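Have a look at the structure below, then the notes.
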Amino acid sequence: MRGGDGGFSILEVLVATSLLTVGVLALAQLFTISTRANVSAKTTTFATLLAQQKMEQLRGLTWGFDALGLPQTDTTTDISLVPEAQAAGGRRGLSPSPVGALGQNTPGYCDIVDKNGNSLGACGTPNPAAYYVRRWAVEPLPTNPNNTVVLQVLVARNLSRGAADQIVDTVKRLPDEARIISVKTRKAS
């Protein structure tokens with residue numbers, strides 16, 4: 001017998017192949033998990049941008065005092081339409097929203113958006129291109145209802161949110177969604 005002239009036995013090859021297979025399968029699972037996480041992060045980021053866009057629209061509406069010191073409030077602009085228009089047959093703008101406006105599609109307080117971020121108009125009419133739904137609420141601050149409003153925007157995929165919409169006063173933010181809250185106070189011009 002010659003020493004050092006050996007090769008790999010079939011058993012050694014099988015063990016090495018098994019270890020390699022286990023390692024590759026673990027990497028494949030990590031790849032799947034990271035892909036899912038990236039898609040979720042993209043959806044959440046896009047929803048956040050859409051929420052910020054709607055919040056800027058709300059914050060841009062008139063909420064102040066005129067030259068005589070009288071309060072001025074935009075209660076006629078329908079921001080669920082693109083371009084914005086005067087609300088037909090109802091108050092919108094910074095008018096207080098109905099209770100539960102974040103938990104359901106409330107006319108004048110929600111719109112739908114396609115997967116590229118283009119507004120498709122107000123909620124209500126089924127649209128196969130609708131990918132996101134934006135809902136917003138305007139609520140007077142209980143301690144200063146005449147001069148301060150709380151603005152909330154929720155952006156979610158255009159899917160059933162299940163139990164998250166069941167409780168009227170407590171709307172939860174689910175994964176892949178965005179919820180922004182801001183306060184607007186009247187300022188003298």
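Summary table
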item: Additional length obtainable on full extension of the chain from Glu139 to Asp66, 0.36 nm per residue less Cα span; result: 24.1 nm
item: Helical mean residue ellipticity (222 nm; -39500 (n - 2.57) per DSSP H run of 4+; nearest 500) of the chain; result: -10000 deg cm²/dmol
item: Exposure proxy order (Cβ contacts within 10 Å, fewest to most) of Val133, Val183; result: Val183, Val133
item: Local net charge near Gln57, Cβ-Cβ under 13 Å (Lys/Arg +1, Asp/Glu -1); result: 0
item: Relative contact order %, the stretch 83-124, counting alpha carbon pairs below 8 Å whose residues are six or more apart; result: 28
item: Charge sum, other residues only, whose C-beta stays under 12 Å from Leu81's C-beta, Lys/Arg counted +1 and Asp/Glu -1; result: -2
item: For the stretch 44-185: relative contact order, % (alpha-carbon pairs under 8 angstrom, 6 or more apart); result: 25
item: The stretch 19-114, relative contact order in percent, only Cα pairs under 8 angstrom and at least six apart counted; result: 17
item: Solvent-free Debye scattering, log10 I(q)/I(0), computed from the Cα coordinates of the chain at q = 0.09 Å⁻¹; result: -0.45
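Computed from the coordinates by the stated procedures, all read-outs in this text should not be read as laboratory data. Fair warning: this is a prediction, and the values are worked out from it, not measured in the lab. Cβ sites come from the backbone with ideal geometry, for glycine too, and all protein chains shown count toward neighbours.
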